Structures are given as structure tokens and as C-alpha cells.
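Here the structure is laid out as C-alpha cells; the discussion comes afterwards.
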Amino acid sequence: MPRPTVEELSTKLLDFVQDKQNGIELAEYDANWRKSGVYAVLDCVFSAQAKFDTVVVPTLKRFSEHSALEDREELTFTEFLNFVRGEQIGRPAEVRFAEVARDVFGNSQKISGRTKVEVAYDVCEFFASQGYETKAALQALPSGLPFTCQHSGEPSELEKQIMNRMVNGMAAEGKVRGMGLALGAYLLICLGRTDFVKPDTLLLRLVGRIGASDWQPKSGDFQDYLLVRQAISCAAERLGYPAAGLDNALWRYETDRSSGKLSRSVQ
């Protein structure tokens, strides 16, 4: 089955959201729930294959308490890097990453065979090495054009840095092992880009059901991602709501459905 058009998919998404029986809640969306770039990175990385409320939130709370590095606008990437290094000079040894993961974060989960602490370290080092120390500095980079019903957008400088280099680049360009398409998109959202959606398994599964066809968007498929992103952006535009906010509302719906909190399903 060929991919649906943006108009076809966005119309079905809009109908689904506006169907009161589905109970989709479009509450006020806070694009600045993470004040610092450091916590935006930590939120993103520790969310990989983990439940947000029961894993990510307490993990970051432990980090804040044990490190004394609170989520504030002035917190720099270099402060985080120096904390992880401890008394070591330069890049920490693997044993140090494991120690910080266990004793500070209380979370030794891994991505691509590496602790999430190490992945977060590399993301922060990527930004710091280019002279960007805060969330505000990243947000000040030249912006592109958002996805709309009529336009597939143009990437911002921050998107190019994350998607073209950190996610899809070569090692010499700043590729961070463990950062894939979904995490790259979510990092942009965590950094305050409300025109992004996170193409994780839950969202793609729901969009496939809403589409009501044999087409099912695949994780890691860039063309599927672009279609889903533009369709959600288009539906959000018609609702007068941020694309990232609609993404979050749909994601929470599917999360509740998967956990049994919802008895309804998309037919």
C-alpha cells in the first residue's frame, strides 16, 4: 500500500483528535519544561526505551540531588562535562561513566552498548566543542521554516547540527552513537522546537491505525518520518496548536491505551 498523502493523513488525524469519544486532551503546552540545555539532553537520552514518569523523572531528580547541578538556564554543557569527568582529565574512562551512572543517576541503562550517561556526555561535548554552552545559545541559531499543510519546511541550523551531523553524520562530523532519528527529533523538542514530532514506536503505531490502510510507518524510515511530521504539523496548524504539543497528546493517548488505562481503540 503506498503512503497516504499529507492531506489524507492530516484529515484523518484531525478527525481522530476532534472525536470526543477518543478523549484527546490538548492542554496548554509548555515548550520550556527543561530550562537548561543539559537537562534537555538528559531528558532526551534517558527517555530512550524507558517510561517517562517512572524512569526518566526520578533519574533526573537523583542527578539534580547528587550533583547539585540544578536545571537552570545558566547551566552550561561544560559544567556537566566537568562533573562527569570528576578528577580525570579529558574524556572519562568507561569505568567512570559506569560509576556516574550507578552512583549519581541510579540508572545504568544503555543505548547501543553504552551507558546513557556516556551518550549524554557525547551530545553535550558536541555542542560545547562548537562554542554553544546553553539552551539559549542553541535557540539563537538561524531558524528555518516550519512544516505546514502547504510546505515541507526548511531545516534550521540547529536541526542541521543534530540531524545531519549528530544523528546521520560520520564520526569526524560529530556522529554520536546511540542517537537515532527519534531521539534526534525529541532532542529538538526538548530544546524548545515546538515544530517537531518524535517518531517513536508508540506514535507511529497510532498514526498507522488512524490512517486505516495497509500502510504502516516504519521506525527509522526517513520518508515515513517526514510524512508523519508534516501530517501532524498540518493537523496542529488547523487546531491552532503546536505540532510538538499534538505529538505529546497523541503519545500520551497511546501510552494510556497500551497500559490498559483506555478501553477504546481506533478501529
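The values are calculated or read from the model by the stated rules, or taken from the named source; none is laboratory data. Here the structure is a predicted model, which is why all the values come from computation and not from measurement. All Cβ positions, glycine included, derive from the backbone under ideal geometry; neighbour counts span all protein chains shown. SASA here: full protein model, heavy atoms, side chains in, ligands and nucleic acids out. Shrake-Rupley method; radii C 1.70, N 1.55, O 1.52, S 1.80 Å.
Some observations on this one:
- Conditions (1) within 19 Å of G37 (Cβ to Cβ); (2) at pLDDT below 95; (3) among the hydrophobic types (A, V, I, L, M, F, W, C): number failed by A171: (1)
- Cross-chain or 6+ apart pairs with Cβ under 7 Å, region 38-50 first and closer than 16 Å to V167 by Cα, then in a helix (DSSP H, G or I) and among the hydroxyl-bearing types (S, T, Y): C44/Y186
- Qualifying residue in region 129-147 (condition: in contact (Cβ under 8 Å) with a residue 12 or more places away in the chain and within 27 Å of Y253 (Cβ to Cβ)): yes
- Of the residues making up region 206-240, those that are touching a residue at least 24 places away in the same chain (Cβ under 8 Å), open to solvent by 40 Å² or more (accessible area, probe 1.4 Å) and either farther than 21 Å from R257 by Cα or within 17 Å of the chain's Cα centre (by Cα) (or both) are D214, S219, G220, F222, Q223, L226, E237, R238, L239.
- Scanning region 18-30 for residues being more than 21 Å from the chain's Cα centre (by Cα) and open to solvent by 70 Å² or more (accessible area, probe 1.4 Å) gives a total of 3.
- Tally, over region 218-245, of residues that are of a type in the set (K, R) and closer than 19 Å to L183 by Cα: 2
- Selection of helices (runs of 4 or more DSSP H) fully inside region 112-203 by the criterion of at least 3 residues being crowded, with 21+ Cβ neighbours inside 10 Å returns 116-129, 181-190.
Okay, residues lined up against (1) in contact (Cβ under 8 Å) with a residue 40 or more places away in the chain; (2) surrounded by 15 or more Cβ atoms within 10 Å (Cβ to Cβ); (3) part of a loop (DSSP other than H, G, I, E, B):
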site	(1), (2), (3)
E7	yes, no, no
F16	yes, yes, no
N32	yes, no, yes
T59	yes, yes, no
F63	yes, yes, no
E87	no, no, yes
V95	no, no, no
A101	no, yes, no
V104	yes, yes, no
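- For region 241-257, the set of residues classified as of a type in the set (D, E) and either open to solvent by 10 Å² or more (accessible area, probe 1.4 Å) or on the phi > 0 side of the Ramachandran plot (or both) consists of D247, D256, listed by residue number.
- Residues within region 34-53 that are at pLDDT 95 or above and open to solvent by 50 Å² or more (accessible area, probe 1.4 Å), tallied: 1
- Qualifying position, being closer than 21 Å to E254 by Cα, modelled with pLDDT of 95 or more and in contact with a helix residue (DSSP H, G or I) (Cβ under 7 Å, 6 or more places away or on another chain), among F63, F16: F16
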